[in-house]
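Engineer: My structure is below; once you've seen it, I'll send some questions.
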Amino acid sequence: MFDVIDMLTQDGKLTEAAAHRIRQERAGGKTLDDALRDGGNLSEDALLKTLAQMLEMPYTELETINPSKEFLSKFPVRVLLERQMIPLSEEEGVISVATSRVFDTTGLDELRLLTGREVRPVLATSTEIERCIKRTLGIGADTLQRMLSEDGVEVLKDEGDGEIDLGKAAEDATIIQFVNQIMQEALDSRATDVHVEPFEHELRIRYRVDGILVEANIPASIRRYHAAIVSRLKILAQLDIAEKRVPQDGRIRLKVSGREIDLRVSVIPMIHGEAVVMRILDRSEMAFGLDRLSMDAEQTKEFLRVLDLPHGIILVTGPTGSGKTSTLYAGLNKINDTERKIITIEDPVEYNLKGINQIQVNLKAGLTFGGGLRAILRHDPDVVLIGEIRDKETAEIAVQASLTGHLVFSTLHTNDAPGAATRLIDMGIEPYLVSSSVEMVMAQRLVRVICKECKEVDTESDMRALREEFGDEMPEVLYKGKGCRACQGTGFRGRQAVFEMMPMTEEIQELVLTRSSTGAIRRKAVEQGMKSLREDGWRLVRAGRTTIGEVVSNTKDETAMLAHAHV
């Protein structure tokens with residue numbers, strides 16, 4: 001038989017050092033496939049392409065190949081999972097099977113004997129085969145196979161202080177491994193939330209990626225293990241596994257490849273069992289610089305101006321999950337120095353900020369926003385961040401803090417910047433206090449960013465119709481994401497904020513004092529140069545960073561609203 005190592009070396013695909021290393025690993029007992037992959041100087045992709053050409057074998061990329069479940073049901077799942085193979089198609093009694101093993105044909109032989117059919121290998125990387133197995137058979141299919149073959153499932157107690165390493169934990173009991181696989185898949189998908197939802201005959205798991213919920217492909221049989229899965233999550237979050245009648249909240253700390261991950265866990269009883277939502281906070285991914293906000297030059301200048309103020313309130317408004325806290329953290333990070341004392345009170349503290357004193361609300365212990373704020377003001381702070389102004393008590397203390405020489409940052413749930421003033425007045429704050437304490441209100445939304453890996457000119461949109469609808473806002477060229485592996489076929493990867501900044505000018509202060517409507521305040525702010533959320537979104541469309549659809553779906557047409565508003 002020919003020496004493949006010699007052939008690859010003579011062909012210039014392997015260096016002499018790599019060839020020597022591969023021979024040593026072979027002598028140590030490694031298979032030729034593993035030795036070539038681990039000891040060579042080629043990536044697995046490049047190696048398999050070279051071997052496919054050399055041995056006249058077919059090579060394929062599996063990203064767009066999705067064998068039907070009906071087709072795969074003809075084959076023993078145990079063998080496919082153990083041997084890491086995936087059948088692709090059948091023609092004239094010959095089954096094409098994707099494998100990354102060129103020289104070890106044990107798996108193919110086993111499949112040939114079990115099915116009684118001829119098998120033809122098609123080379124593909126082990127990574128792509130694993131992805132294809134997840135897409136077709138479902139996440140955790142290998143774990144489910146072991147569950148179904150065992151007499152029962154035991155939920156094991158987690159030892160230690162709650163910090164686990166997913167790699168090591170995956171070697172434990174099957175239910176533990178399944179939970180770890182779900183969390184690992186969420187991290188790999190860049191998800192911000194994981195939803196575990198029980199229904200009468202199925203268990204649904206969904207990930208929120210770039211603000212959109214995506215259903216995870218899991219085996220249907222997993223429904224019977226719902227209680228065990230929830231119990232495992234409760235144990236990790238240090239919750240009461242015996243209590244199934246009331247909501248519970250907890251926290252899980254993970255360590256994944258050196259990264260520290262926090263999961264905020266919420267468990268709520270539903271009619272078909274307990275539902276779990278986990279918010280993922282990846283500390284290693286966060287960087288709170290103003291450059292990360294991607295404001296334009298004018299917005300950055302205005303934001304820096306209010307950050308330098310000695311006192312006053314800076315409000316960031318928007319719905320849950322619109323990035324308000326990240327914007328405030330970026331502002332705090334900018335002014336964080338040894339000359340200022342900065343204290344925050346949050347529910348919960350999402351990220352630890354170096355050099356900043358952070359307090360977490362604890363309602364069970366009696367530590368509320370109001371009580372915590374009063375205590376904070378006795379600690380001689382220069383800057384105070386309040387996680388959210390929720391009620392009159394918190395709003396009153398925030399106003400008093402600003403009037404007594406403190407710079408106060410906070411968030412408020414309103415749809416736009418002009419609505420913040422009327423919201424505070426509705427809470428019971430006197431108009432003269434609102435007008436004299438608030439320095440700026442900034443509304444924001446998040447829009448998805450076109451994937452850089454598959455970005456292309458959009459030739460399918462009807463440019464004429466779009467120009468008739470949007471007029472001068474339309475750029476000459478539109479872009480879109482084609483969909484690729486990097487963005488999981490969505491065409492988008494990551495999100496960016498669009499902003500609406502309203503400084504509290506003298507004219508707007510006068511409107512607030514007279515309890516004018518939100519529409520009247522907006523009119524004046526627009527006259528003074530305020531850009532709406534949609535206008536700022538068009539900035540990103542013109543820059544080729546997002547699409548018209550993203551901007552339109554995440555912002556309102558404030559110009560049209562003003563035209564019909566009654567002052």
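Engineer: May I ask you to list pairs of residues, at least six apart or on different chains, whose Cβ atoms are under 8 Å apart, with the first in the range 99-118 being over 13 Å from Glu82 (Cβ atoms) and the second being of a type in the set (Phe, Trp, Tyr) and surrounded by 15 or more Cβ atoms within 10 Å (Cβ to Cβ)?
Structural biologist: Pairs that qualify, where the first residue is over 13 Å from Glu82 (Cβ atoms) and the partner is of a type in the set (Phe, Trp, Tyr) and surrounded by 15 or more Cβ atoms within 10 Å (Cβ to Cβ), are Thr115/Phe75.
Engineer: Would you tally the residues in the range 211-235 being over 24 Å from Asp249 (Cα atoms) and modelled with pLDDT of 85 or more?
Structural biologist: Final tally of qualifying residues: 0.
Engineer: Condition first: in contact with a helix residue (DSSP H, G or I) (Cβ under 8 Å, 6 or more places away or on another chain) and in a helix (DSSP H, G or I). Now tell me which residues in the range 485-509 satisfy that.
Structural biologist: Passing the criteria: Glu507, Ile508, Gln509.
Engineer: Would you mind finding the one in Ala35, Ala17 that is touching an Asp or Glu at 6+ places or on another chain (Cβ under 7 Å) and of a type in the set (A, V, I, L, M)?
Structural biologist: Ala35
Engineer: Every residue in the range 174-189 that is under 30 Å from Thr546 (Cβ atoms), in contact (Cβ under 8 Å) with a residue 40 or more places away in the chain and open to solvent by 40 Å² or more (accessible area, probe 1.4 Å), please.
Structural biologist: Within the range 174-189, just Gln184 meets the criteria.
Engineer: Being of a type in the set (D, E, K, R) and more than 23 Å from Glu70 (Cβ to Cβ) is the filter; apply it to the range 198-224 and report the residue that is most open to solvent (accessible area, probe 1.4 Å).
Structural biologist: Here the residue is Glu200.
Engineer: Need the failing condition index for Asp536 against (1) in a helix (DSSP H, G or I); (2) surrounded by fewer than 19 Cβ atoms within 10 Å (Cβ to Cβ), just the number.
Structural biologist: Going through the list (1) in a helix (DSSP H, G or I); (2) surrounded by fewer than 19 Cβ atoms within 10 Å (Cβ to Cβ), Asp536 breaks only (2).
Engineer: I've got another one for you. Under 7 Å between Cβ atoms, which residue pairs at least 6 apart in sequence (or on different chains) link something in the range 202-220 that is closer than 15 Å to Leu187 by Cα with a partner that is among the hydroxyl-bearing types (Ser, Thr, Tyr)?
Structural biologist: Close Cβ pairs satisfying both conditions: Tyr207/Ser189; Arg208/Thr192; Val209/Ser189; Val214/Tyr207; Ala216/Tyr207.
Engineer: Right, next: Across the range 242-271, what is the number of residues that are closer than 21 Å to Gln181 by Cα and surrounded by 13 or more Cβ atoms within 10 Å (Cβ to Cβ)?
Structural biologist: Selection size over the range 242-271: 15.
Engineer: Over 13 Å from Ala124 (Cα atoms), assigned to a loop (DSSP other than H, G, I, E, B), open to solvent by less than 60 Å² (accessible area, probe 1.4 Å) and in contact with an Asp or Glu (Cβ under 7 Å, 6 or more places away or on another chain): does that describe Phe75?
Structural biologist: no
Engineer: I need the full set of residues from the range 82-105 which are outside any strand (DSSP E or B) and at negative phi, in order please.
Structural biologist: Glu82, Arg83, Met85, Ser100, Arg101, Val102, Phe103, Asp104, Thr105
Engineer: Counting only residues that are among the small types (Gly, Ala, Ser) and in a helix (DSSP H, G or I), which one in the range 106-136 is most open to solvent (accessible area, probe 1.4 Å)?
Structural biologist: Residue satisfying both the conditions and the ranking: Ser126.
Engineer: Looking only at the range 14-60, filter to residues that are touching a strand residue (DSSP E or B) at 6+ places or on another chain (Cβ under 7 Å) and assigned to a loop (DSSP other than H, G, I, E, B); which one of those is surrounded by the most Cβ atoms within 10 Å (Cβ to Cβ)?
Structural biologist: Among residues in the range 14-60 that are touching a strand residue (DSSP E or B) at 6+ places or on another chain (Cβ under 7 Å) and assigned to a loop (DSSP other than H, G, I, E, B), the one surrounded by the most Cβ atoms within 10 Å (Cβ to Cβ) is Thr60.
Engineer: Still on this structure: Would you point out which residue out of Glu90, Glu63, Glu70, Glu44 is in contact (Cβ under 8 Å) with a residue 24 or more places away in the chain and within 25 Å of Thr115 (Cα to Cα)?
Structural biologist: Testing whether each residue is in contact (Cβ under 8 Å) with a residue 24 or more places away in the chain and within 25 Å of Thr115 (Cα to Cα) leaves just Glu90.
Engineer: Another one. Would you mind finding the one in Glu430, Glu469, Glu439, Glu456 that is in contact with a His (Cβ under 9 Å, 6 or more places away or on another chain) and either of a type in the set (Ser, Thr, Tyr) or open to solvent by 20 Å² or more (accessible area, probe 1.4 Å) (or both)?
Structural biologist: Glu439
Engineer: If you check every pair at least six apart or on different chains, which have Cβ atoms under 7 Å apart with a residue in the range 506-522 that is closer than 15 Å to Ala443 by Cβ and of a type outside the set (Asp, Glu) first and a residue that is open to solvent by less than 20 Å² (accessible area, probe 1.4 Å) and not in a helix (DSSP H, G or I) second?
Structural biologist: Close Cβ pairs satisfying both conditions: Thr518/Pro418; Ile521/Pro418; Arg522/Pro418.
Engineer: crowded, with 20+ Cβ neighbours inside 10 Å and among the small types (Gly, Ala, Ser): does that describe Ala227?
Structural biologist: No, not satisfied.
Engineer: Among the residues of the range 406-418, how many are open to solvent by 10 Å² or more (accessible area, probe 1.4 Å) and either over 26 Å from Arg208 (Cβ atoms) or at pLDDT 95 or above (or both)?
Structural biologist: Here the count works out to 1.
Engineer: Consider Ile164 against the criteria (1) out of contact with any helix residue (DSSP H, G or I) (no Cβ under 8 Å at 6 or more places or on another chain); (2) at pLDDT below 85: it satisfies all of them except one. Which criterion is unmet?
Structural biologist: Checking Ile164 against (1) out of contact with any helix residue (DSSP H, G or I) (no Cβ under 8 Å at 6 or more places or on another chain); (2) at pLDDT below 85, the one that fails is (1).
Engineer: Kindly evaluate Lys69 against the criterion of being of a type in the set (Lys, Arg), at pLDDT 85 or above and closer than 27 Å to Arg485 by Cβ.
Structural biologist: Considered against the rule, which asks whether it is of a type in the set (Lys, Arg), at pLDDT 85 or above and closer than 27 Å to Arg485 by Cβ, Lys69 comes out as no.
The values are calculated or read from the model by the stated rules, or taken from the named source; none is laboratory data. Quantities reported herein were computed from a predicted structural model and do not represent experimental measurements. Glycine gets a Cβ as well: all are built from the backbone with ideal geometry, and neighbour counts include every protein chain shown. Please note that ligands, DNA and RNA were not included when accessible areas were found on the heavy atoms of the full protein model with its side chains. Shrake-Rupley method; radii C 1.70, N 1.55, O 1.52, S 1.80 Å.
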